[in-house]
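What follows is a set of notes on a single structure, which appears directly below.
Nothing in this text is a laboratory measurement; each read-out follows from the coordinates by a stated rule. Since this is a predicted model, take the numbers as computed values, not measurements. Don't worry about glycine lacking a Cβ; one is built from the backbone with ideal geometry, like all the others, and counts go over all protein chains shown.
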Amino acid sequence: MGPAFLLALAAAALVLLTSGREAFRGAVAEGPGITLDESFNVETGVYLIRSLREFGLAALHPDSVREIWGAAAYNPDHPPLGRLALGLAHDANVDRESSGIRDSAARPASAIAFALTVWLVAWCGGRWYGRTAGIVGGASVLLMPRQFGHAHLASLETFIGLAYAAAVLAIAETWSVDAEVASRAGGRRPLPGWGNVLGGGALIGLALLTKIQAVFLGPAVAVWALARFGMRGLPRLAACGGMALAVFFAGWPWLWLDPAAHLHEYFARTTERQTLYCFYWGERWADLDVPWHYPWVQFAVVVPLGLQLLGLVGLGTGEDGRSARRDPRLALVLLAVVIPLIVFSLPGIRVYDGERLFAVSFPLWGIVIGRGGARAMAWLRARLSAPAAISIATAFVAAQGWGLARLHPCQLSYYNLAVGGLQGAAGLGFETSYWADSLTESLQRRIVEAVPRGSRIDVAPVLHPIYLDHLLSQSPLLQAAELRLEPYDDKVPGGSRLVLLFHRRADPWESLDPPPEGTEVLARLERAGVPLATLLRLPEGERPAEFP
């Protein structure tokens, strides 16, 4: 068993053991609270898995395709591949007799995808730059708190991170080796073989079947291939793109029902949607108006600072004497890292939810971090004994996991030491909690203990009409206490004095920020001294009608 396998095993074990017993029976620590997007992903995934199981091979018949993929129960807002994985995990994790859907039961699928991502980065980093680079690169992905946090959720971010990295690393590997040999021999760079071209296209197609961020692969591969092979590479680029589109179309039967209309509906959905808000540098921004530097700052401050320093070292001349600019594989990796950041810097592009929309950049950044780790280790070994160098390097990398452990299970609130951690980021005006993952089981238990049975609790903010019903359906604790959840609205009389607030600063209520004088804090979840979710009891007369 090599280091890549061991790191992947560690990643899977750490995520599963810290995911809560609703997700994994052997868990020893609670996981994050249920987030809104999980409900859409899991319900659709379970619907597809159960439909395909029921229809069997008949699912390919045109009438069956229409019945399954054209039904009102099917939600086509995202492609099906990641959701199918979530549906499989869900049904493998619940009793066959169970008819209900538990979002947490699907979460192990993300843990497995995360472990595969760690393995892929460690394996490729080791193959390209040596054993140390592989170990440090894989460990860096494992120790990125927000990547680790997403791996606990039944969302698509971890799946697209895996698919995106797999496509980039496979193309970088298979389209570069022959060119390196020819370059050393002084000959003309040969074009990649057709098998490698079509294989790369198939991987891009699978990424497209996972989430829309896969569209960044096209520009990255095209720019890289044209820079390397010139106009001679155009036929192969066309073949690669054709294969990607063929896999995308073949793998999503919903598109078959009305190709032109459904393609337009899918791609237009990213621009034709309600306005979401983003909190950045102390200001509330509409998603279309966020400053251009937002993705670059987020990229810089949500990865542990020590890992970022190794990434900068990784941009220098490697052990083989080649600079990053002259390493074709690293060039494609860097393009795939920066193109999402560039796109989300452009005017008119919607951006919100912290790093989530460009999270595909982070696993590939692990390759660069690993390269930097190998350079740093070589520097240490030139000055110290091997045991001393290994001890220092191991301690340095392990120390990068401090924030991950300290914030659990709210790693999506992580910021690095460049901004003073979560506490410093809150003071600078960064978002502290964007996805309600802070509504954890332990907080729910404290809520149940703090309020009378059957109480009504108003919740703020509520970002989607179905969220409260879904949150209640996923919480045995709240159901057992017969609690009622309603949206908080200070303009509507008859609200409850009990208010559950999750601290998404992009969507505040002025009447709760700060709460009125005399408000009691009945329960709170905080990390690094920063509140992430709070149950308040407003003072008498503040909500004039019913209580509890």
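Distances between every pair of Cα atoms in the chain, grouped in 10 Å steps from 0 to the bin holding the largest one, split as 4, 17, 27, 26, 17, 7, 2, 0, 0 percent. Would you work out which of A533, Q474, L463 lies farthest towards the positive end of the dipole of the range 441-537? Charges go on Cβ: Lys and Arg +1, Asp and Glu -1. So the residue we want is Q474. Sequence gap at least 6, Cα distance under 8 Å: using those rules, report the relative contact order of the chain to the nearest whole percent. The normalised contact order for the chain reaches 16 percent. Helix 157-174 and the longest principal axis of the Cα set of the chain meet at an angle near 0°. Near R527, the amide H atoms lying under 5 Å from its own belong to L532; only residues 5 or more places off or on other chains count, and H is placed 1.01 Å from N. By DSSP, the beta bridges lying fully in the chain are antiparallel in about 70 percent of cases.
When +1 charges are put on Lys and Arg Cβ atoms and -1 charges on Asp and Glu Cβ atoms, the dipole computed for the chain relative to its Cα centre reaches about 2500 debye. By the count of other C-beta atoms within 10 Å, a proxy for reagent exposure, M144, M377 are ordered fewest to most as M377, M144. Put a dot 7 Å past the Cα of V215, heading toward its Cβ, do the same for D258, and the two dots end up 2.0 nm apart. When only Cα pairs below 8 angstrom with a gap of at least 6 residues are kept, the range 441-537 shows a relative contact order of 32 percent. Amide H contacts of I457: R484, L485, E486, each under 5 Å away and 5 or more positions distant or on a separate chain (H built 1.01 Å from N in the peptide plane; Pro and chain starts excluded).
Volume of the convex hull of the range 1-81 (Cα atoms only), normalised per residue: 156 Å³. Look at T271, T210 and count the other Cβ atoms within 10 Å of each Cβ; fewest to most, that gives T271, T210. Spherically averaged projected area of the convex hull of Cα atoms, the range 182-271: 6.7 nm². Along the axis of the charge dipole computed for the chain (Cβ charges of +1 for Lys and Arg, -1 for Asp and Glu, origin at the Cα centre), the listed residues F267, V338, F248 are led at the positive end by V338.
Rounded to the nearest 5, the antiparallel percentage of DSSP beta bridges internal to the range 441-537 is 65%.
Entry for the range 441-537 at q = 0.15, 0.23, 0.24 Å⁻¹: log10 I(q)/I(0) = -0.57, -1.43, -1.55, Debye formula applied to identical alpha-carbon scatterers, no solvent contribution.
The label point for E482 and the one for R524, both projected 7 Å from the Cα toward the Cβ, are 3.1 nm apart.
Sorted ascending by nearby beta carbons within 10 Å, beginning with the fewest, K491, K211 become K491, K211.
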